[in-house]
Amino acid sequence: MAQPLMPHATASWLVDNTALSFEQIADFCGLHILEVQAIADDTAATKLTGRDPVRAHELTQDEIDKAQANPKYRMTMTKGPDQVRRTKGPRYTPVSKRQDKPDGIAWIIRNHPEITDGAISNLIGTTRTTIAAIRDRSHWNIGNITPKDPVTLGLTTQRELDAAVGKAAKAAGIEASPTDTRLDGDREALIASLRAEREQAARDAEASVDGVAPVRPAFEDPFRR
């Protein structure tokens, strides 16, 4: 399925300017729902500048209206101008994030040793020489490298990392770990709470325009049993 040219920036715009659910935004942008939640909660690694997909001719207002009216509706991307894509070489990483690559590589090596150097190279956008140097601790800056989740660093997406882990585990004959569903209820409660706060903020804004003082409901902790 086609995805926006700048998925994170597009997700940020959709969170701020529409009443779409996190699931709908994640599906359209090709992101994990927790990435969208982080953007909405301003906990993403970098503060994003929103990108309007309607002005970019990637989405129509009619599609947004349909999705807002029906939470189960999944938006279809409008085909825009052909994009130039790299067919060879590692993926491009912004200069501001290149210094984080060794930390992300170290995290993958430590937590997922079954992933090959070639897969790490494709995932992070680095060279096998760098990966080997970090693996055997001969890297020139090894003393300052701290393993950090590459998804949190913005070097890859959770979906891409999960796919690489699953593929490597299958190739190595490792049985996939069972999914931990213990926090599913809390996660859904948090998402519902964040969505309610956004809807309340929108109602408050409308009330202010009409000259009516908004009435804020008492805050309810979604994790209180």
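Of all residues in segment 86-111, how many are at pLDDT 60 or above, under 18 Å from Gln158 (Cα atoms), open to solvent by 40 Å² or more (accessible area, probe 1.4 Å) and not hydrophobic (A, V, I, L, M, F, W, C)?
2
Starting from segment 99-127, take each residue that is closer than 13 Å to Pro147 by Cα and list its partners that are surrounded by fewer than 18 Cβ atoms within 10 Å (Cβ to Cβ) and acidic (Asp, Glu), counting only C-beta distances under 8 angstrom and pairs at least six apart or across chains.
Pairs found: Gly104/Asp149; Trp107/Asp149.
Criterion first (of a type in the set (Phe, Trp, Tyr), within 20 Å of Glu199 (Cα to Cα) and crowded, with 21+ Cβ neighbours inside 10 Å) does Phe22 satisfy it?
Here the answer is yes, as Phe22 does meet what is asked.
Can you tell me which residue in segment 138-165 is surrounded by the fewest Cβ atoms within 10 Å (Cβ to Cβ), limited to those that are among the polar types (S, T, N, Q) and assigned to a helix (DSSP H, G or I)?
Checking each candidate, the answer is Asn144.
Only helices (runs of 4 or more DSSP H) wholly contained in segment 1-72 count here; list those with 2 or more residues that are out of contact with any Asp or Glu (no Cβ under 8 Å at 6 or more places or on another chain) and among the acidic types (Asp, Glu).
Once the helices (runs of 4 or more DSSP H) in segment 1-72 are filtered for at least 2 residues that are out of contact with any Asp or Glu (no Cβ under 8 Å at 6 or more places or on another chain) and among the acidic types (Asp, Glu), what remains is 22-29, 61-69.
Looking at segment 145-170 only, could you name the residues that are over 14 Å from Ile120 (Cα atoms) and free of Cβ contacts under 8 Å to residues at least 24 places away in the same chain?
Within segment 145-170, just Lys170 meets the criteria.
Name the residue, out of Leu153, Leu123, that is modelled with pLDDT under 90 and touching a Phe, Trp or Tyr at 6+ places or on another chain (Cβ under 9 Å).
Leu153
May I ask you to list the residues in segment 57-67 that are open to solvent by less than 30 Å² (accessible area, probe 1.4 Å) and either among the β-branched types (Val, Ile, Thr) or more than 12 Å from Thr18 (Cα to Cα) (or both)?
Selection gives Glu58, Leu59, Ile64.
The values are calculated or read from the model by the stated rules, or taken from the named source; none is laboratory data. Quantities reported herein were computed from a predicted structural model and do not represent experimental measurements. All Cβ positions, glycine included, derive from the backbone under ideal geometry; neighbour counts span all protein chains shown. These area figures cover heavy atoms from the full protein model, side chains too; ligands, DNA and RNA do not enter into them. Shrake-Rupley method; radii C 1.70, N 1.55, O 1.52, S 1.80 Å.
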